[in-house]
Amino acid sequence: RAGFLDPRRGPRREYRFTFQDLVLLRTAKALAGVVPPRKLRRALRRLRTQLPSGRPLTGVQITTDGRDVVVRDGAALWKPDSGQGVLDFEVAELAEKVAPLARRAALAARAAEPEPDAAAWYALACDLESSAPGEARDAYRRVLELDPDHVEARVNLGRLLHEAGHTAAAETHYRLALRARPADPTASFNLGVALDDLGRTAEAVRSYEAALAADPDYADAHFNLARLYERTGKRIAALRHFKAYRQLTRGR
């Protein structure tokens, strides 16, 4: 009645819900037990205006953070009530204060004699991510100059590039990570997200399947794969993966 779903009508004018519709309905039912109904309706209304034109609510994952609604769409995580990223609520003020210290630490690492090794640069890059993502990217690049097969640095650099809108560059790093470690589920999953964002659905499906081959309990890979299968008309396969997603996330 609120218009959050737009199911098709059958020959007798009955509603025909998709599997993604059912996931959203079940999610809304679960959220209603945590979030006040008025607040939930307001968050869903605002979320609908925040998504690109034509993008349905069923295309994102919706959950809670305490009594707030939180939405995940690929690498992005935000609260629709305000439109701000979740980290903006939790660490933005701290990150602003720490950023100068983080930048000084990066400069000191570059000037150090002897220069830090790949492991030290990686630890520094991880510390820099929330307060100085640009410096974090540079630190991950230095890791890879010292150790081109450092998979975690490849994946993290790809993620930061992806979040900054450099999806093609992120794809390159995910593929290099998989060249070094072919069965890495995170690299395969992130590659799937990048390929999906680039509109290369068939390749994205193969990447999500690879992530599940490496880790059958990767819930987000089940969800994204189910969404792509439903988009391409493979409803039985979509149902199987939506079911697996629900089982893995039950009780979260």
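Data for the structure
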| item | result |
| --- | --- |
| Test set (1) in contact (Cβ under 8 Å) with a residue 40 or more places away in the chain; (2) out of contact with any helix residue (DSSP H, G or I) (no Cβ under 6 Å at 6 or more places or on another chain); (3) surrounded by fewer than 21 Cβ atoms within 10 Å (Cβ to Cβ) - K243 fails condition number | (1) |
| Top-ranked residue of the range 188-207 - restricted to ones that are among the acidic types (D, E) and closer than 15 Å to G158 by Cβ, ranked as most open to solvent (accessible area, probe 1.4 Å) | D197 |
| Neighbours by Cβ (under 8 Å, 6+ apart or cross-chain): first from the range 117-136, assigned to a helix (DSSP H, G or I) and open to solvent by 40 Å² or more (accessible area, probe 1.4 Å); second at pLDDT 85 or above and among the aromatic types (F, W, Y) | Y122/Y140 |
| Qualifying residue in the range 197-205 (condition: within 30 Å of D138 (Cα to Cα), over 13 Å from the mean Cα position of the chain (by Cα) and part of a helix (DSSP H, G or I)) | yes |
| Verdict on A164 being at pLDDT below 90, closer than 30 Å to R206 by Cα and open to solvent by less than 60 Å² (accessible area, probe 1.4 Å) | yes |
| Selected residue [open to solvent by less than 60 Å² (accessible area, probe 1.4 Å), free of Cβ contacts under 8 Å to residues at least 12 places away in the same chain and within 25 Å of R227 (Cα to Cα)] from A210, A169 | A169 |
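The values are calculated or read from the model by the stated rules, or taken from the named source; none is laboratory data. Since this is a predicted model, take the numbers as computed values, not measurements. We place every Cβ from the backbone using ideal geometry, glycine too, and count neighbours over all the protein chains shown. For accessibility, only protein heavy atoms count, side chains too; no ligands or nucleic acids. Shrake-Rupley method; radii C 1.70, N 1.55, O 1.52, S 1.80 Å.
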